[in-house]
Amino acid sequence: EAQVTQNPRYLITVTGKKLTVTCSQNMNHEYMSWYRQDPGLGLRQIYYSMNVEVTDKGDVPEGYKVSRKEKRNFPLILESPSPNQTSLYFCASSFGAGRPNEQFFGPGTRLTVL
Amino acid sequence: GNSVTQMEGPVTLSEEAFLTINCTYTATGYPSLFWYVQYPGEGLQLLLKATKADDKGSNKGFEATYRKETTSFHLEKGSVQVSDSAVYFCALIDNTNAGKSTFGDGTTLTVKP
């Protein structure tokens, strides 16, 4: 089944404790992206990747890191999480980097930073 | 920068009512436009899209027409069902930088029997 998977689905952590949210897709998509969803703010793009070893900032990159060492994986790293990063996070992928194609979304990761 | 403005919610309708969710955009380039739907506890999934002016996207009884002159992409459905209850997001991708996506705030629709 074609899908985007995220792990973990739920995470409660404390301020300053480094964490990684994994994202993997099995559709051989070039493009991958991370978003956060907050009430009243919709989805905001954190980082995106047009292909392996190519990443760029979205609208809200502060406090986040990403890497794209393999085509299928695009982990989101919070080096020192803070309470304002409590949010619902979505990973997405699409075919054909550089083209405005449909994005396929993962199920989401709900992160709480205490 | 680019922006998407959606009609504020929540929207509550009775079954078989007509639905309109307004969406307007600003973009520096020439965007492609999308409507995504998010059912409770799930990720977003594409509902429909349009890539150039006057294109009409349609799916599952929903329609939206790309209006360049009014910079709008309003979502419509003639007769909603309880199963259409969800959050709807309007989004754009600027064709001059297809890496960046801009989403609206989302509109929550509740359809009552």
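Would you mind telling me which numbered condition in (1) surrounded by fewer than 20 Cβ atoms within 10 Å (Cβ to Cβ); (2) closer than 30 Å to residue A:50 by Cα residue B:14 fails?
(2)
Of (1) at pLDDT below 95; (2) more than 14 Å from chain A (Cβ to nearest Cβ), residue B:64 satisfies all except one. Which?
(1)
Any residue in segment B:74-87 that is under 25 Å from residue A:88 (Cα atoms), within 14 Å of chain A (Cβ to nearest Cβ) and touching a Phe, Trp or Tyr at 6+ places or on another chain (Cβ under 6 Å)?
Yes.
Looking at (1) assigned to a loop (DSSP other than H, G, I, E, B); (2) modelled with pLDDT of 95 or more; (3) not β-branched (Val, Ile, Thr), can you tell me which one residue A:100 breaks?
(2)
Pull up segment A:37-58, narrow it to residues that are exposed (fewer than 14 other Cβ atoms within 10 Å of the Cβ) and on the phi > 0 side of the Ramachandran plot, then point me to the one that is farthest from the chain's Cα centre (by Cα).
Filtering segment A:37-58 for residues that are exposed (fewer than 14 other Cβ atoms within 10 Å of the Cβ) and on the phi > 0 side of the Ramachandran plot, the one farthest from the chain's Cα centre (by Cα) comes out as A:40.
Across segment B:27-58, what is the number of residues that are touching a Leu at 6+ places or on another chain (Cβ under 8 Å), within 24 Å of residue B:83 (Cβ to Cβ) and hydroxyl-bearing (Ser, Thr, Tyr)?
Within segment B:27-58, residues that are touching a Leu at 6+ places or on another chain (Cβ under 8 Å), within 24 Å of residue B:83 (Cβ to Cβ) and hydroxyl-bearing (Ser, Thr, Tyr) number 2.
In this structure, does residue A:108 turn out to be within 10 Å of chain B (Cβ to nearest Cβ), over 13 Å from residue B:101 (Cα atoms) and touching a residue at least 24 places away in the same chain (Cβ under 8 Å)?
Answer is yes for this residue.
With B:96, B:108 as the choices, which residue is part of a loop (DSSP other than H, G, I, E, B), within 14 Å of chain A (Cβ to nearest Cβ), surrounded by fewer than 20 Cβ atoms within 10 Å (Cβ to Cβ) and in contact (Cβ under 8 Å) with a residue 40 or more places away in the chain? I'd like the intermediate steps shown before the answer.
On the way: B:108 fails: part of a loop (DSSP other than H, G, I, E, B).
On inspection, the qualifying residue turns out to be B:96.
Of everything in segment A:23-36 that's surrounded by fewer than 22 Cβ atoms within 10 Å (Cβ to Cβ) and under 15 Å from the mean Cα position of the chain (by Cα), which residue is farthest from the other protein chains (Cβ to nearest Cβ)?
My answer is A:24.
Could you list, in sequence order, all residues of segment B:41-57 that are surrounded by 14 or more Cβ atoms within 10 Å (Cβ to Cβ) and either in a strand (DSSP E or B) or within 15 Å of the chain's Cα centre (by Cα) (or both)?
Answer for segment B:41-57, where residues must be surrounded by 14 or more Cβ atoms within 10 Å (Cβ to Cβ) and either in a strand (DSSP E or B) or within 15 Å of the chain's Cα centre (by Cα) (or both): B:44, B:45, B:46, B:47, B:48, B:49, B:50, B:51, B:55, B:57.
I'm checking my understanding of the structure. Among residues of segment A:59-89 that are over 23 Å from residue A:14 (Cβ atoms) and either surrounded by 21 or more Cβ atoms within 10 Å (Cβ to Cβ) or without any contact (Cβ under 8 Å) to a residue 24 or more places away in the chain (or both), which one is nearest to the other protein chains (Cβ to nearest Cβ)?
Result: A:59.
The values are calculated or read from the model by the stated rules, or taken from the named source; none is laboratory data. This one's a predicted model, so the numbers in the text were calculated from it and none came from an experiment. Glycine also receives a Cβ, built like all others from the backbone with ideal geometry; neighbour counts cover every protein chain displayed.
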